[in-house]
1. Could you list the trypsin sites (Lys or Arg not before Pro) in region 522-603 that lie in coil according to DSSP, counting only those with at most 12 other Cβ atoms within 10 Å of their Cβ?
2. Go ahead and estimate [θ] at 222 nm for the chain from helices alone: -39,500 (n - 2.57) per DSSP H run with n ≥ 4, summed, over the residue count, rounded to 500.
3. Report, in debye and to the nearest 20, how large the dipole of region 3-243 comes out about its Cα centre when Lys and Arg carry +1 and Asp and Glu carry -1 on their Cβ.
4. What is the Cα centroid distance between region 226-243 and region 151-218, reported in whole angstrom?
5. Dividing the convex hull volume of the alpha carbon atoms of region 334-383 by its residue count, what do you get in Å³ per residue?
6. Can I get the semi-axes of region 131-234's equivalent ellipsoid? Compute them from the C-alpha gyration tensor as square roots of 5 times the eigenvalues, in angstrom, largest first.
7. First obtain the Kirkwood hydrodynamic radius of the chain from its Cα pairs, then insert it into the Stokes-Einstein equation at 25 °C and 0.890 mPa s, and state the resulting D in µm² per second as a whole number.
8. Among the lysines, which fall within straight-line cross-link reach of LYS58, defined as a Cα-Cα distance under 18 Å, with same-chain neighbours fewer than 8 residues apart omitted?
Amino acid sequence: MCGIVGYIGTKKASPILINGLLRLEYRGYDSAGIATIEKNDISVMKDKGRVKNLYNLKGIDDLTGTIGIAHTRWATHGKPSKENSHPHIDNSKTFSVVHNGIIENYHELRKFLGDNGYTFYSQTDTEVIPNLIHYYYSKDNNNDELKFLRAVRNACKELKGSFAIEVICKDYPDNMIVVRKDSPLVIGKGENENYISSDIPAILSFTRSFYLLNDLEFVILSRNDAKFYDIDLKPIKKDTKTIEWNASSAEKDGYDDYMLKEIHEQPTAIRETIGSKLSENGKCDFEDLDFTKEYLKSLNKIYIVACGTAMHAGLAGKNAIEKLCKIPTEVDIASEFRYRDPIIDEKTLCIFISQSGETADTIAALKLSKEKGAKTLAISNVIGSSITREADFSIYTHAGPEIAVASTKAYTSQVILITLLAIYFSQVLEINNEEINNLKIEILELPKKIEEALKTSEIVKEFSKRVYQEKDIFFLGRGIDETVAKEGSLKLKEISYIHSESYAAGELKHGPIALIENGITVVGIMTDPKLVEKTISNIQEVVTRGAKTLIITNQNIDINGFDMVIRIPNTSPFISPILSIIPLQLFSYYISKEKGLDVDKPRNLAKSVTVE
Ligand code: M6R
């Protein structure tokens, strides 16, 4: 939700911090701030609004400190305002803290601190943290080099909820302490400097060498060093991991927006995700998985659990696993799954999909499944992310960093990866048929077909100009096309703020058709030749009632009589969502542009939802 950056080194920290925040702004963008150590005092500069406002703050150019922390906020506790912005500072101005996550027991802690003479200037949950650290610091009479660490550790022991925090202390001007629990934080190692960030892309231009932190590992950072400790303050040894993404993958590269760039990166993302998992001879190989035939045969159910777009990718996964492997598969929304006491045992395999790997509900659902004895498999785009560290097995999409809040290339990469997983399961189960063989051929041809589908851009743009002022747009589809209708509708509402709903086409006449009136726009997706006739009948029903229609279909499906028909290359129905979503991603994009909105940072949303 919020974004955190930190720097400790030999250079002036403030420009590095602001630059890092700009790259993390997609995580939250209602207020921002930085704190640096200036001649043994802490200077905090912050304000409501976008990160770029920091450049206008009086005195920001005069900061010379070489150690600092920074934050871009997505408000949870307390409205966006200067007071509620981070960094926060304790009453004695000894500690400053930035925080991502939620402190669930902050009311109790505020009361406790209030009873001990502390006062508060903000409505945030975070403000208790620097004061609690100060409380423990002031009680510690041992003035050794670990006093700062002990105070942070003791305070963290009191915190309930999730947190990634950076702390600076004016008494330790050459150190910074960082720690995380259920919220992301990475450390990038440079030459005589260390960088801290909520995620890797923001600091990729400085280093490819990263320390990945586990929950409740405390780090004392100095220019040249990173010392790691567990909760009992026993030293831990940790090595860096080299990240293969290159720095330009986190830049716009001449595109107006990250979303447009990421839409166009899909041929590469899919190619990279297929990688060597499917060879020309048709063998499907997941080197990190060793499921046996006996195990897969013993399964009573597979659950696929995720949120938002990742959940829509799960629907394509259900279709592939059930049809190719005949294993009953249920898809659930993580925030529901975790509270509905799902029936899980050791004969259940639970698959969790999350681009970021940091979505709070998905992580909680994974932990629950483990407690109930299921095997867990994570699908993520981020190596070392929380779900991959919690799960028994992890496999990765190789979409590269996805910066735009609206997910595009991560979704299509998830669909291809879970389809490959279904093929792998069918191989282990020794199921072999023409449908699977045909699917394998189609998968290898997919990157080229995506390039073809991207060529629909101009006609999509033209149609978008005709409908961008609409109040409601409906999406209809059957079978696998219904999953795409769901994703198309989510994408549209997310970045254009147009009210949108998706329905299984056959459901229309059971209620929603009452909403169809003259001029309303309906998007029909019909790529499955077996179902197309049925869907056409449903779309005719809305045409009769005066709707404008946009149809997404295949090249070999013969249909006419609609306002706009967009054709994508033919492919296997299992992977058709990867092609049919492309014009719909472009549709949302162009509508949002036409309305003059911020495509990459839609209102009220954040890229990574690390709170419940
Ligand atoms: O990082 P995750 O894949 O777990 O995120 C899940 C959803 O928050 C995400 O897919 C969201 O729905 C997208 N912004 C939609 O474009």
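Bear in mind that the values in this text are calculations on the coordinates, not laboratory data. Quick caveat: nothing in here was measured; it's all calculated off a predicted structure. We place every Cβ from the backbone using ideal geometry, glycine too, and count neighbours over all the protein chains shown.
1. Sites meeting the loop and neighbour criteria: LYS530, ARG603.
2. -10500 deg cm²/dmol
3. Here the size comes out at about 420 debye.
4. Between the Cα centre of region 226-243 and that of region 151-218, the gap is 11 Å.
5. Spelled out: Cα convex hull of region 334-383, divided by residues, is 61 Å³.
6. Largest first, region 131-234 gives 24, 16, 11 Å.
7. Reported coefficient: 96 µm²/s.
8. Straight-distance partners of LYS58: LYS12, LYS46, LYS48, LYS82.
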